[in-house]
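Quick notes on the structure that follows.
The values are calculated or read from the model by the stated rules, or taken from the named source; none is laboratory data. Bear in mind that the values here come from a model prediction, so they are computed numbers and not experimental data. Cβ placement follows ideal geometry from the backbone for every residue including glycine, while neighbour counts extend to all protein chains displayed.
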Amino acid sequence: MKLADRVLNKDVRAVARLITLVENGDPEALPALKALYPHTGRAYILGVTGAPGAGKSTLVDKLTSAFRSRGQTVGIIAVDPTSPFTGGAILGDRIRMQRHYLDKGVFIRSMATRGHLGGLAVATNDVVHILDAYGMDIILIETVGVGQDEVEIVKTAHTCLVITVPGMGDDIQAIKAGILEIGDIFVVNKADREGADKTVKELEIMLGFNTYPQKSWKPPIYKTIAVKDEGISALVEGIDAHLSYLKDSGELKKRKLNQTEREFLEILQHNLMQQAMAKIGDREALTRLLSKIVNREADPYSLVEEMVKTWFA
Ligand SMILES: Nc1nc2c(ncn2[C@@H]2O[C@H](COP(=O)(O)OP(=O)(O)OP(=O)(O)O)[C@@H](O)[C@H]2O)c(=O)[nH]1
Ligand SMILES: [Mg+2]
């Protein structure tokens, strides 16, 4: 049986195998991705981002339990930041989410941020499609909100949760404006620590500055103690409310269109680049070309212009 058919037949090993192909940028994944695409578009995609160690994985774990208890299946993609702050995150996530590992209604996968030929956002999108076609109702994407890549990834979500912790004080500026803008729902986790209410207030003020008049959704702020499962049901209600808002306002359609545009352009760019590199030849051929430019025998503008003209002729 073909890989795509096996995924559609709920073969979890086929899912894992296909994700590995995607991760390795293996062209063998393409026929399966093409075959699965018509079966996608059903899942609700929830992005979870925030500072390193804010409790994202713990929250993802509790949210997963909440969704499972009402019969929804959950796919989890933990985009492992290979940044120095969070070394060993994959192992940590495994431990935190252990109780879901035996649950057939949950699929957990960590993805490394390095070594993605077509870009991490494209790879993550592919994995979302695979889990969507596999039949997961909700797909949670956890990423540390520190780099541009990570921000790009959560932009593909329908709803984006931004996780902060108390006591950030002046450091709250560390939550970059970009992250503030993409947040549909804010969470002040570790509310068992001092200063949670102060952080909520500070966030409210910052969000006030960042609220654009055309936005009809006012991002709510929830306090949670993820380790004690406190505040989770209120947060789930907030998530449900955002999904209803997305559907009723037509914003869901808009987000899907924007997301599809980004994905289409990224695939196009990747594809063109690959073809261009194939035309140029190997590494040595490229170096020869570059030497010409370095020696001022040619300029990069004319060279690219000529090459592209002949390729498209
Ligand atoms: N006190 C307290 N600790 C918490 C809470 N939630 C999570 N933690 C702890 O905070 C630490 C980090 O939690 P994680 O869930 O791994 O945080 P993360 O944001 O996923 O971390 P990275 O993925 O490494 O960025 C763990 O030791 C958790 O047990 C909370 O509500 N209160
Ligand atoms: Mg984590």
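Return a yes/no flag: does the range 209-222 have any residue that is exposed (fewer than 15 other Cβ atoms within 10 Å of the Cβ) and in a helix (DSSP H, G or I). Taking every residue of the range 209-222 in turn, at least one turns out to be exposed (fewer than 15 other Cβ atoms within 10 Å of the Cβ) and in a helix (DSSP H, G or I). (1) farther than 16 Å from residue 47 by Cα; (2) of a type in the set (Gly, Ala, Ser); (3) within 22 Å of the chain's Cα centre (by Cα): which one isn't true of residue 238, the others all being true? All conditions are met except number (1). Picking from residues in the range 20-41 that are under 17 Å from the mean Cα position of the chain (by Cα) and either under 27 Å from residue 239 (Cα atoms) or surrounded by 21 or more Cβ atoms within 10 Å (Cβ to Cβ) (or both), the one that is modelled with the lowest pLDDT is 22. With 275, 259, 269 as the choices, which residue is modelled with pLDDT under 95, part of a helix (DSSP H, G or I) and under 20 Å from residue 46 (Cβ atoms)? After applying the criteria, what remains is 259.
Residue 296 meets all of the listed conditions (1) in a helix (DSSP H, G or I); (2) more than 21 Å from residue 123 (Cβ to Cβ) but one, namely (1).
Could you list, ordered by first residue, the pairs with Cβ atoms under 6 Å in which the first is in the range 287-313 and among the β-branched types (Val, Ile, Thr) and the second is surrounded by 11 or more Cβ atoms within 10 Å (Cβ to Cβ), at least 6 apart or interchain? Pairs found: 293/300.
For beta carbons closer than 8 Å, sequence separation of 6+ or different chains, a first residue in the range 16-37 that is at positive phi and a second that is assigned to a helix (DSSP H, G or I) and among the small types (Gly, Ala, Ser), the qualifying pairs are 25/123. Can you confirm whether residue 248 is exposed (fewer than 13 other Cβ atoms within 10 Å of the Cβ) and over 22 Å from the mean Cα position of the chain (by Cα)? So residue 248 fits the description; yes.
Quick check, is residue 276 surrounded by 12 or more Cβ atoms within 10 Å (Cβ to Cβ) and either under 23 Å from residue 26 (Cα atoms) or of a type in the set (D, E, K, R) (or both)?
In short, yes.
Please determine whether any residue of the range 38-46 is assigned to a helix (DSSP H, G or I), out of contact with any helix residue (DSSP H, G or I) (no Cβ under 7 Å at 6 or more places or on another chain), under 21 Å from residue 183 (Cβ atoms) and not β-branched (Val, Ile, Thr). The answer is no, given that none of the residues of the range 38-46 is assigned to a helix (DSSP H, G or I), out of contact with any helix residue (DSSP H, G or I) (no Cβ under 7 Å at 6 or more places or on another chain), under 21 Å from residue 183 (Cβ atoms) and not β-branched (Val, Ile, Thr). Of all the criteria given as (1) surrounded by fewer than 16 Cβ atoms within 10 Å (Cβ to Cβ); (2) assigned by TED's automatic domain parsing to the domain that holds residue 61, the one not satisfied by residue 242 is (1).
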